[in-house]
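Here's the structure, in structure tokens; my notes come after.
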Amino acid sequence: MRRPLTGSLKLDDYRDIKTGVDFCMTAVEYFHARGGRIEIPHTHRWWEYGTCVQMLLEQHLTSNKKLSDVDVLNVGSGWDGLSPTIALQFNSNMTEYEPSAYYRQDRVRINQILLEDGKKQIHSLGYSLEDMPEQDYDEVFCVSVLEHVDPATEKQCWRNLARRVRKGGIFFADVDCVPDPNKKYVFDELRTHNFTIDDMKERVAIMEEEGLVPIGEPDWNWNGAQVHDFTFFRVGMERR
């Protein structure tokens with residue numbers, strides 16, 4: 001990836017994550033064709049999932065660790081396409097924390113398909129950001145979740161995520177923001193926090209206190225950049 005992974009997401013970033021996006025699109029089409037339910041509610045999800053997959057590829061294709069040996073955690077997964085993509089394309093050890101049984105039930109068919117293809121199944125567990133068990137992973141992803149967390153516990157959730165990243169591992173989270181306060185956006189009623197640049201700098205500082213460092217120099221040059229009518233802040237860090 002040519003741009004830093006912490007700061008503002010811009011339209012130009014797409015070229016750097018296109019391989020990751022292609023992996024996601026191929027996997028989701030494959031599961032849909034075989035009766036696996038994966039919801040992609042907005043096209044900007046491809047940017048988010050594609051970034052995670054691109055990070056996974058770049059981190060481990062240059063290391064001695066096989067992708068099939070990598071331990072990946074996806075927090076607040078819902079019925080997203082990220083976990084199925086990683087399980088299908090790379091056969092990684094995929095764990096996801098999703099407190100809602102409603103969402104977890106849709107992984108049953110996904111896991112049947114993975115099993116039929118000789119792939120490892122996704123471990124879908126009912127944990128939330130607040131009650132994650134003490135276990136570490138090579139990769140920790142949290143896509144469009146933290147803007148929906150109770151403001152009283154949100155900062156501690158960032159710490160909880162940081163503590164799950166083992167040495168040599170990477171972390172990625174993004175939060176969606178709304179550029180126009182007078183406009184109605186999808187899921188507005190579920191969003192508890194509209195992050196500012198100063199908010200995000202504070203969250204990065206929290207992660208640094210927990211021993212993570214940004215991947216590349218953070219770029220907060222927002223300038224109202226939008227992707228599909230939303231604006232995103234992202235945090236990509238590693239534990240060296």
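Read-outs throughout are calculated quantities, based only on the coordinates presented, and are distinct from any laboratory measurement. Just so it is clear, the structure is predicted and the values come from calculations on it, not from any experiment. Cβ sites come from the backbone with ideal geometry, for glycine too, and all protein chains shown count toward neighbours.
Annotations
- Debye, to nearest 20: dipole size of region 7-238, +1 on Lys, Arg Cβ, -1 on Asp, Glu Cβ: 620 debye
- With neighbour counts taken as other beta-carbon atoms within 10 Å, the residues 238, 58, 98, 189 rank, fewest first, as 189, 58, 238, 98.
- Helical mean residue ellipticity (222 nm; -39500 (n - 2.57) per DSSP H run of 4+; nearest 500) of the chain: -10500 deg cm²/dmol
- Theoretical FRET efficiency, 1/(1+(r/R0)^6), r = Cβ-Cβ of residue 155 and residue 116, R0 30 Å, to 0.05: 0.10
- Toward the positive end of the charge dipole of the chain, with +1 on the Cβ of Lys and Arg and -1 on the Cβ of Asp and Glu, the farthest Cα among 32, 218, 73 is that of 32.
- Label-point gap, in nm, between residue 196 and residue 18 - each point 7 angstrom along Cα→Cβ: 3.8 nm
- Panel order for 6, 51, 196, by other beta carbons found within 10 Å of each beta carbon, from fewest to most: 196, 6, 51.
- Ordering 192, 235, 113 by Cα displacement along the dipole of the chain toward the positive end leaves 113 in first place; charges were set at the Cβ atoms of Lys, Arg (+1) and Asp, Glu (-1).
- Relative contact order of region 7-238: 22 percent, from C-alpha pairs under 8 Å at least 6 residues apart in sequence.
- Two-site label geometry, residue 108 and residue 167: point separation in nm, points 7 Å out along Cα→Cβ: 4.3 nm
- Two-site FRET efficiency, residue 210 against residue 32, from Cβ-Cβ distance with R₀ of 51 Å, rounded to 0.05: 0.85
- For the listed residue pairs 18/120; 10/167; 66/167; 66/119; 66/120; 18/66, the alpha carbons are over 19 angstrom apart in 18/120; 10/167; 18/66.
- Option label - Cα extents along the principal axes in Å computed here, alternatives (1) 65, 39, 33; (2) 47, 40, 36; (3) 134, 31, 24: (2)
- For region 19-81 and region 147-177, distance of Cα centres in Å: 19 Å
- Cβ-derived FRET efficiency at R0 35 Å, residue 64 paired with residue 134, nearest 0.05: 0.85
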